1. With axes computed from alpha carbons, what is the tilt in degrees of helix 70-82 against the longest principal axis of the chain, rounded to the nearest 10 within 0 to 90?
2. State the percent of C-alpha pairs, over all pairs in region 3-128, separated by a distance greater than 21 angstrom.
3. Helix 92-101 versus the longest principal axis of the chain: what angle, 0 to 90°, nearest 10, using Cα atoms?
4. Would you mind calculating the relative contact order of the chain from Cα pairs under 8 angstrom and at least 6 residues apart, reporting the percent as a whole number?
5. Among Val73, Val22, rank each residue by its count of other Cβ atoms within 10 Å, from fewest to most, as a rough exposure measure.
6. May I ask you to compute the full-extension gain from Val30 to Val5, defined as 0.36 nm times their residue separation minus their alpha-carbon distance, rounded to one decimal in nm?
7. Listing Arg68, Arg79, Arg49 from the residue with the fewest other Cβ atoms within 10 Å to the one with the most, what is the order?
8. Go from 0 up to the bin containing the longest alpha carbon distance in region 1-73, width 5 Å each, and give me the % of pairs per bin.
Amino acid sequence: MSESVYYGLLADVVVALHLAYVAYVVVGQVLIVIAAPFRWQWARNPWFRLTHLLAIAIVAYEAIMGIRCPLTVWEEQLRELAGQPFDSGQTFLGRLFHDLLFYEGLPDIFFTTLYISMLVVVLQGIIMYPPRMFRIRRMPPPVSPTAHTLSLPA
């Protein structure tokens with residue numbers, strides 16, 4: 001296989017990772033909303049909730065600051081090295097994933113508003129169904145050897 005094929009496949013891997021990132025935010029929030037009325041404890045996991053909030057906060061920050069998503073930039077660079085246009089893919093799944101993520105003709109303000117709105121929804125979910133606090137394991141207090149002896153009344 002030529003180098004351009006490898007670059008095209010790498011670009012497809014990057015777009016798959018990009019789609020997984022978006023799915024983590026969107027599907028994660030849907031699952032939190034479903035889990036809240038049932039009080040499912042997995043949805044209150046602090047690591048899940050913190051990384052979920054961080055994922056959308058990074059996207060919103062990039063949109064507000066006008067920073068291009070690094071995954072988009074990497075995909076573009078790999079497509080260029082593969083000799084492919086940005087809106088294509090090496091494989092069927094690469095094209096499918098790219099088409100699910102990117103929409104032509106919509107202004108940047110649409111996506112910025114969408115990302116900020118999603119951040120607000122995630123924050124609202126944290127307020128209404130907060131994550132449980134991190135558990136700190138504490139050692140039980142030391143037990144003295146005389147504490148467990150029975151004393152008989154005299």
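Read the figures in this text as sums done on the coordinates, not as results from a lab. What you are looking at is a predicted structure, and each value in this text was computed from that prediction instead of being measured. Every residue, glycine as well, gets a Cβ built from its backbone with ideal geometry; the counts of neighbours run over all protein chains shown.
1. 40
2. 47
3. 70
4. This gives 38 percent for the chain.
5. Values: Val73 12, Val22 18.
Least crowded to most crowded, the residues run Val73, Val22.
6. Contour length minus the Cα-Cα distance gives 5.3 nm.
7. Numbers: Arg68 10, Arg79 25, Arg49 20.
Fewest to most other Cβ atoms nearby, the residues stand as Arg68, Arg49, Arg79.
8. Pair shares across the bins are 3, 14, 18, 19, 15, 12, 9, 6, 3, 2, 1.
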